[in-house]
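The values are calculated or read from the model by the stated rules, or taken from the named source; none is laboratory data. The model shown is predicted, which means the values in this text are computed figures rather than measured ones. Note that we place each Cβ from the backbone using ideal geometry, even for glycine, and neighbour counts take in every protein chain shown. Surface areas here come from the heavy atoms of the whole protein model, side chains and all, with no ligands, DNA or RNA. Shrake-Rupley method; radii C 1.70, N 1.55, O 1.52, S 1.80 Å.
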Amino acid sequence: MNRLFAGNVTTTMRRRLIAAGRCVESLSPSSAAAVDGSAMATRALCFPLGSTRMVSSFPDVIAPKSTEKGKRDQKKGGGGGDVVVSSYWGVVRPKVMREDGSAWPWNCFMPWETYEADLSIDLHKRHVPKTFTDKFALRTVKLLRIPTDLFFRRRYGCRAVMLETVAAVPGLVGGLLLHLKSLRKFEQSGGWIKALLEEAENERMHLMTMVELVKPKWYERLLVLAVQGVFFNCFFVLYLSSSKVAHRIVGYLEEEAIHSYTEFLKDIESGKIENVPAPAIAIDYWRLPKDATLKDVITVIRADEAHHRDVNHFASDIRVQGKELKEAPAPIGYH
Ligand SMILES: [Fe+2]
Ligand SMILES: [Fe+2]
């Protein structure tokens, strides 16, 4: 087992995999391949993931989109691109396998980053605004929702794409600033850097999933550019000024995200949006059954948003009590 985890697989991955009892096998020595003369062995990791579906092949009912996109993404590196680069550096990704022996098709995420969403989370929990900053944060989010409602109305696919491009920013900014603080002060972050960056990555995977379903129009892409430019800088300054308010705003944004995805689900249930098969990337990332549908995907994304809501309100509560985030255990892996 230890041999299997040597090399490129980190201690964290090892811990998580052992805990989950998932990684069970390495390739036999005879299958180890020398790479470009460096004699670096190619390792294989095996995972009991049920899905063997690798290419998105569903019709796009939210907005027309060619199924070739998913195939192109996989070739470009989102999936299992087979581009061979000649280099003497000997940098090679371990060969990752599923339990059934098929190759892991994604380069953009690995099996140890996948999980089953906790659907038991309370979706109705709300943070009741008590202080001035709570009310300011809630009012800010409600104001931000007005143009979103006017622009997207019930086009929940496009709305989700825009929402996710914004939602993936706060975790990155928070993680970045905590990282810099850790360097400046020669102190640990208590795991919060990792927790916030995990959130950002999770949000980005929401986006990668949604763009398999929705093809944004040129002006929506332009809007994303403008919003990202403004939002990143505003949130950066806000987090530097008051991480308490910043996390509270994100907590309320996540509450709005839960509401949006609930409305999305209502439209799927009523038949306004066709319940198409789930994209391959979503089936693998959330370990969904092979016959999962759009409804299943939106359900797990909504559960993720509820977890982000908890994390950010919790972070704000820590700061409200005058403590540093590092003083409370960071919710790493809280999905
Ligand atoms: Fe999200
Ligand atoms: Fe979120």
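Screening the candidates VAL128, VAL96, VAL141 for the property of being in contact with a Leu (Cβ under 6 Å, 6 or more places away or on another chain) and within 30 Å of ILE258 (Cα to Cα) yields one hit, VAL141.
Scanning the stretch 307-334 for residues that are more than 20 Å from LYS194 (Cβ to Cβ) and surrounded by 23 or more Cβ atoms within 10 Å (Cβ to Cβ) yields a total of 0. ASN275 passes every criterion in (1) within 18 Å of the chain's Cα centre (by Cα); (2) over 30 Å from PRO329 (Cβ atoms) apart from (1). Picking from residues in the stretch 158-173 that are touching a Phe, Trp or Tyr at 6+ places or on another chain (Cβ under 6 Å) and away from ligand 2 (no atom under 13 Å from the Cβ), the one that is farthest from ALA292 (Cα to Cα) is VAL173. In the stretch 242-254 there is no residue matching the filter, namely being within 16 Å of ligand 1 (Cβ to nearest atom), aromatic (Phe, Trp, Tyr) and farther than 16 Å from ASP310 by Cα. The sole residue among ALA168, ALA160 that is under 22 Å from the mean Cα position of the chain (by Cα), under 30 Å from GLY271 (Cβ atoms) and surrounded by 17 or more Cβ atoms within 10 Å (Cβ to Cβ) is ALA160.
For the stretch 88-113, a residue qualifies if it is surrounded by fewer than 20 Cβ atoms within 10 Å (Cβ to Cβ) and within 16 Å of the chain's Cα centre (by Cα), and the qualifying residues are ASN107, CYS108, PHE109, MET110, GLU113. Which pairs have Cβ atoms under 7 Å, sit 6 or more apart or on different chains, and link a residue in the stretch 302-317 that is closer than 17 Å to SER242 by Cα to one that is more than 10 Å from ligand 1 (Cβ to nearest atom) and of a type in the set (Ser, Thr, Tyr)? Final answer for the pair search is VAL311/TYR334. Please work out if GLU263 is more than 25 Å from PRO111 (Cβ to Cβ), surrounded by fewer than 18 Cβ atoms within 10 Å (Cβ to Cβ) and within 16 Å of ligand 1 (Cβ to nearest atom). So GLU263 passes the test.
Scanning the stretch 124-176 for residues that are over 21 Å from LEU207 (Cα atoms) and assigned to a loop (DSSP other than H, G, I, E, B) yields HIS124, LYS125, ARG126, HIS127, VAL128, PRO129, LYS130, THR131. If the Cβ limit is 9 Å and pairs must be 6+ apart or interchain, which residue in the stretch 98-120 that is within 17 Å of PRO289 (Cβ to Cβ) and of a type in the set (Ser, Thr, Tyr) pairs with which residue that is in a loop (DSSP other than H, G, I, E, B) and open to solvent by less than 50 Å² (accessible area, probe 1.4 Å)? Close Cβ pairs satisfying both conditions: THR114/LEU49; THR114/TRP286; TYR115/TRP286; TYR115/GLY333; TYR115/HIS335.
Quick check: is even one residue across the stretch 183-206 more than 14 Å from ligand 1 (Cβ to nearest atom), hydroxyl-bearing (Ser, Thr, Tyr) and open to solvent by less than 30 Å² (accessible area, probe 1.4 Å)? Yes, the stretch 183-206 has at least one match. If you go through the stretch 255-286 and pick out every residue that is without any contact (Cβ under 8 Å) to a residue 60 or more places away in the chain and within 25 Å of LYS130 (Cβ to Cβ), you end up with 1.
Within the stretch 181-208, if we keep just the residues that are outside any loop (DSSP other than H, G, I, E, B) and among the small types (Gly, Ala, Ser), the residue that is farthest from ligand 2 (Cβ to nearest atom) turns out to be SER182. Anything in the stretch 207-221 that is open to solvent by 60 Å² or more (accessible area, probe 1.4 Å) and either at pLDDT below 95 or not hydrophobic (A, V, I, L, M, F, W, C) (or both)? List them, or say none. The answer is LYS215, LYS217, TRP218, TYR219, ARG221. Among the residues of the stretch 274-290, the one identified as open to solvent by 20 Å² or more (accessible area, probe 1.4 Å) and among the hydrophobic types (A, V, I, L, M, F, W, C) is LEU288. Whether a residue is over 30 Å from VAL320 (Cα atoms), loosely packed, with under 12 Cβ neighbours inside 10 Å and not aromatic (Phe, Trp, Tyr) was assessed, and GLU116 passes this test. Of the helices (runs of 4 or more DSSP H) entirely within the stretch 211-289, those holding at least 2 residues that are more than 16 Å from ligand 2 (Cβ to nearest atom) and within 18 Å of ALA303 (Cβ to Cβ) occupy 243-269, 280-285.
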